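Okay, so here's the structure we're looking at.
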Amino acid sequence: MRVVMIHALAESVAPVKVAFGEVFPEAEVINLLDEALFIDFKGQITPQLRRRMSQLICYCEEYGADAIGLACSVYAPVVETAKDLVDVPLVSSYSPVMEEAVRAGRRIGIIASVGATLRDSEYYLYRTAEEQGREIETELCFAEELIPLYRTQGEEAFNARLEELVMDLSERVDAVLLGQFSMASALKRLQEVCPVPVLSGPHSSANKLKELLSVPVWPGLND
């Protein structure tokens, strides 16, 4: 089974490999990176950007994808229209992890290093909660220093700072949602030290795609 993940940031590729290796090792994961998707994004999805992402989604199916996932959170709204363009499962970076988050507790912390991602994460979280008939509260953490830190000092410095932020957030919430795929490589480390559940988009997406492709799901994500 071939799963193609579309990325706008190079930093999200490694976490996806980790997540699928842990959750859905049976999949042949192809990572498609278009960094211009992030560079050209100026706070909103223009018609041109929507068309570009839709074309990439169609390209993935045409070249053998059995399922497609978006690893770029700001493009999640494109799934609403693009899902009718392909005949294979298509999931956004948000929907699987949001479903888990609203089941995890009433107070949910969200951390992201991109303002649009933080805003969109909160929107999709409340929308999912409404669909499931649940009431939630959010605590937002805008950590714009994380990606520059990763690029200048490396993954260890990135993970250490992320841990500090998540631990601080955990004092006020029932669960912490990592708002970007690039944060998922630190998931095991965070789960070991954090007193509340920490949720990762790549792990949730891997589990959802596994389910959609009719492969028995990873039980740890459904407890």
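What follows is calculated from the coordinates using simple rules that are stated; it is not laboratory data. Note that the coordinates shown come from a computational prediction; the quantities given were computed from them, not determined experimentally. All Cβ positions, even for glycine, are placed from backbone atoms using ideal geometry, and neighbour counts span all protein chains on display.
Estimate the FRET efficiency between GLU99 and GLU62 by the formula 1/(1 + (r/R0)^6), using the beta-carbon distance for r and 30 Å for R0, to the nearest 0.05. Rounded to the nearest 0.05, the efficiency is 0.55.
Please work out how many pairs of lysine residues in the chain are eight or more positions apart (or on different chains) and have Cα atoms closer than 22 angstrom. Show your work: numbers first, answer last.
Values: LYS17/LYS188; LYS17/LYS208; LYS17/LYS210; LYS83/LYS208; LYS83/LYS210; LYS188/LYS208; LYS188/LYS210.
Total qualifying Lys-Lys pairs in the chain comes to 7.
Where a ≥ b ≥ c are the square roots of the eigenvalues of the C-alpha gyration tensor, would you call segment 26-160 rounded, which needs a/c under 1.5, or, failing that, prolate if a/b is larger than b/c, or oblate? Oblate, since a/c reaches 1.5 and b/c is not below a/b. For segment 94-109, putting each phi into the Karplus relation 6.51 cos²θ - 1.76 cosθ + 1.60 with θ = phi - 60° gives couplings of 8, 4, x, 6, 5, 4, 5, 4, 6, 7, 7, x, 7, 9, 10, x Hz, in residue order, rounded to whole numbers and with x for Gly and Pro. For segment 1-69, the set of chymotrypsin sites (Phe, Trp or Tyr not before Pro) satisfying both a DSSP loop assignment and a count of at most 16 other C-beta atoms within 10 Å is given as TYR63. In a fully extended conformation the segment linking GLU135 and ARG107 would gain 9.2 nm over its present Cα-Cα distance, using 0.36 nm per residue.
Between TYR123 and GLU28, the FRET efficiency estimated from the beta carbon spacing at R0 = 45 angstrom works out to 0.85. FRET efficiency for the MET1 to GLU171 pair, using the beta carbon distance and R₀ = 45 Å, is estimated at 0.65. Adding -39500 (n - 2.57) for every DSSP H run of four residues or longer, then dividing by how many residues the chain holds, sets the calculated 222 nm ellipticity at -14000 deg cm²/dmol. In order along segment 54-65, phi translates into HN-Hα couplings of 4, 5, 5, 4, 5, 4, 4, 5, 4, 10, x, 5 Hz, rounded to whole numbers, per the Karplus curve 6.51 cos²θ - 1.76 cosθ + 1.60 with θ = phi - 60° and x for Gly and Pro.
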